[in-house]
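Data first, discussion second: the structure below is written as structure tokens.
The values are calculated or read from the model by the stated rules, or taken from the named source; none is laboratory data. Just so it is clear, the model here is predicted, and its values are computed rather than measured. Ideal geometry is used to build each Cβ from the backbone, glycine not excepted, and the neighbour counts take in all protein chains shown. Heavy atoms of the whole protein, side chains included, go into the accessibility calculation; ligands, DNA and RNA do not. Shrake-Rupley method; radii C 1.70, N 1.55, O 1.52, S 1.80 Å.
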Amino acid sequence: MGLTPAALAVDAGNSKTDAALVAEDGTVLGTARGGGFQPPAVGAEAAVETLGGIVARAARDAGLELRADVPLAGHVSACLANADLPREEEELAALVGARGWGRTSEVANDTFAVLRAGLPDDGSVRHGVAVVCGAGVNCVGVAGDGRTHRFPAVGRLSGDWGGGGGLAEEALWHAARAEDGRGADTELARALPARFGLPSMYALIEAFHLGDLAAARRHDLVPVLFEVAAAGDAAALALVRRQAEEITAMAAVAAERLGLADSPFPVVLGGSVVAARHPVLHERVLALFAERLPRAAVDVVTAPPVLGAGLLALDHLGAGPAACARLRAHYAARS
């Protein structure tokens with residue numbers, strides 16, 4: 001008899017969703033990937049329904065069938081973007097639990113998956129801070145006694161700045177004003193439209209405004225911003241440095257409010273923007289942490305965040321370090 005799923009791990013981010021069925025010994029039995037998880041755009045119920053399609057594909061990959069009357073796994077660990085406020089988390093937890101994918105289920109913000117992926121598997125360290133800088137930006141902190149510190153993380157309304165989406169918007173703003181004379185000159189005014197083979201910022205603005213370029217393509221501009229910053233452009237450098245300051249500020253607030261800052265503690269960085277390790281950003285982040293949080297041990301997690309969701313599930317099941325190591329090895333081989 002083959003292995004059976006003990007856990008269903010889900011990491012649903014703004015831009016992509018991963019699901020994995022995992023045996024109790026940490027063996028990955030089936031996986032699937034789908035699009036972003038965005039309840040604010042489509043509604044929580046529709047978002048979870050779409051999630052169900054990805055779970056069904058992971059089941060088929062494992063040679064199983066998703067059925068309404070039989071749990072697919074023992075425990076579901078769903079780490080979801082946009083589960084930022086307690087009300088959102090409760091609503092999504094109820095919807096996930098009602099699907100019956102597992103005998104038990106737990107929903108948490110996807111930043112907790114990044115934190116767990118950066119912690120040891122023997123339970124020796126249960127505290128730390130995680131900052132995710134991908135499509136958006138978010139941060140969580142966990143104290144050794146289980147207390148947490150979180151931010152609302154709903155965009156500019158809650159004081160957030162940056163992430164891939166925010167950086168692209170800022171780069172476009174500076175480039176547009178440089179071209180029409182309202183702002184200082186910046187190489188961004190030439191490099192951003194060139195990314196799409198367009199002759200000017202006017203042409204790029206028109207393409208985005210009229211839908212010739214999908215809004216999601218703005219994320220393609222983030223690597224251009226970092227290239228221009230690396231070449232020394234003042235406007236681009238200012239944006240990258242501000243992103244480093246935001247990452248450090250979020251981590252520092254979480255650490256200080258949980259009483260972590262006076263002793264050694266881990267800081268785990270994740271998300272596509274920081275995982276790329278652009279030197280201008282990465283080196284500035286490390287320098288700022290050394291100044292403000294000298295006792296922090298900073299690490300960048302590059303494994304898919306679904307690893308963290310899977311590790312949380314194995315923790316819940318009491319599977320032990322060997323199972324966690326097997327799961328880590330699966331994703332290390334694919335990163």
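Quick notes on this structure:
- Meets criteria (at pLDDT 95 or above, open to solvent by less than 30 Å² (accessible area, probe 1.4 Å) and over 24 Å from His219 (Cα atoms)) for Leu80: no
- Of all residues in segment 32-46, none satisfies the criterion of being surrounded by 24 or more Cβ atoms within 10 Å (Cβ to Cβ) and over 20 Å from the mean Cα position of the chain (by Cα).
- Screening Leu29, Leu3, Leu21 for residues that are assigned to a strand (DSSP E or B), within 23 Å of Ala303 (Cβ to Cβ) and open to solvent by 10 Å² or more (accessible area, probe 1.4 Å) leaves exactly one candidate, Leu29.
- Criterion (open to solvent by less than 40 Å² (accessible area, probe 1.4 Å), closer than 24 Å to Ala254 by Cβ, in contact with a Pro (Cβ under 8 Å, 6 or more places away or on another chain) and among the hydrophobic types (A, V, I, L, M, F, W, C)) met by exactly one of Leu85, Leu92: Leu92
- Screening the candidates Val224, Val253, Val285 for the property of being of a type in the set (Val, Ile, Thr) and more than 20 Å from the chain's Cα centre (by Cα) yields one hit, Val224.
- When Gly34 is tested against the conditions (1) touching a residue at least 24 places away in the same chain (Cβ under 8 Å); (2) assigned to a strand (DSSP E or B), the lone failure is (1).
- Among the criteria (1) in a helix (DSSP H, G or I); (2) in contact (Cβ under 8 Å) with a residue 12 or more places away in the chain, the one Ala98 does not fulfil is (2).
- Meets criteria (more than 23 Å from the chain's Cα centre (by Cα), at pLDDT 95 or above and open to solvent by 10 Å² or more (accessible area, probe 1.4 Å)) for Leu237: yes
- The criterion of being part of a helix (DSSP H, G or I), in contact with a strand residue (DSSP E or B) (Cβ under 8 Å, 6 or more places away or on another chain) and open to solvent by 20 Å² or more (accessible area, probe 1.4 Å) does not hold for Thr104.
- Tabulated pairs, segment 277-288, first over 17 Å from Thr302 (Cα atoms), second open to solvent by less than 40 Å² (accessible area, probe 1.4 Å), C-beta under 6 angstrom, 6+ apart or interchain: Val280/Ala229; Val280/Val240; Arg284/Ala244; Leu288/Ala244; Leu288/Thr248
- Residue check for Ala113: surrounded by 24 or more Cβ atoms within 10 Å (Cβ to Cβ) and out of contact with any helix residue (DSSP H, G or I) (no Cβ under 9 Å at 6 or more places or on another chain): no
- Residues in segment 59-77 that are open to solvent by less than 60 Å² (accessible area, probe 1.4 Å) and either in contact with a helix residue (DSSP H, G or I) (Cβ under 9 Å, 6 or more places away or on another chain) or within 17 Å of Gly308 (Cα to Cα) (or both): Leu66, Leu72, Ala73, Gly74, His75, Val76, Ser77.
- When residues of segment 85-102 are limited to those that are of a type in the set (Asp, Glu) and touching a helix residue (DSSP H, G or I) at 6+ places or on another chain (Cβ under 8 Å), the one nearest to Asn14 (Cα to Cα): Glu88
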